[in-house]
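Each reported figure results from applying straightforward, stated rules to the coordinates on display, with no laboratory input. Since this is a predicted model, take the numbers as computed values, not measurements. Here the Cβ is made from the backbone with ideal geometry for all residues, glycine too, and neighbour counts use every protein chain on show.
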């Protein structure tokens, strides 16, 4: 003979079912947001570059003829890395002299931004990769790029001129003669000026 123990069921309180469904909806929405952030969709430029913004930057984007300070890693579609900036040492680049796809990719960024791009071969090296590289002819390329800073061409030229002037002055000072006018580059005071004997 078996004994059956009855457990009394409590009636469901009014509103509990609604709260249960609301809780499930919140959990589902949270999962969707986390999944979306982990699987950001790729965008596609008009020229055919597939890109994924990893981190949004701030400020303005550089133009294709600007100079930029970037960190990057370049790899083949199979994951083989062919180039990379050293950690913590971004590289200065003249965007007008880079492969077209790389330049265009940097223009997608703002200062501090990071992007992953897939360049079609026609915007990379096409059928003529650099000599001695591991890049096969006709290969698309993958780049992870971070834009550290950028400046316009006119601003860069002005900065270069200032640096050249500083170097010239340092060379003159180190050469012993300095600037014209006497030892150390200090011109003599004209006669009759205060402080003259």
Exercise. Between residue 65 and residue 18, what FRET efficiency comes out of the Förster formula 1/(1 + (r/R0)^6) with R0 = 45 Å and r the beta carbon distance, rounded to 0.05?
Worked result: 0.15
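Relative to the present Cα-Cα distance, how much length would full extension add between residue 83 and residue 97 at 0.36 nm per residue of separation? If you can, show how the numbers build up before the last one.
Numbers: separation 14, 0.36 × 14 = 5.04 nm, distance 1.70 nm.
That pair, residue 83 and residue 97, stretches by 3.3 nm at full extension.
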Exercise. Tell me, 53, 115 in order of fewest to most beta-carbon neighbours within 10 Å?
Worked result: 53, 115
For this session: For residue 172 and residue 58, compute 0.36 nm times the residue count separating them, minus their Cα-Cα distance, and round to one decimal in nm.
Result: 36.8 nm
Exercise. For labels at residue 50 and residue 133 in the simple 7 Å Cα→Cβ model, what's the distance in nm?
Worked result: 2.0
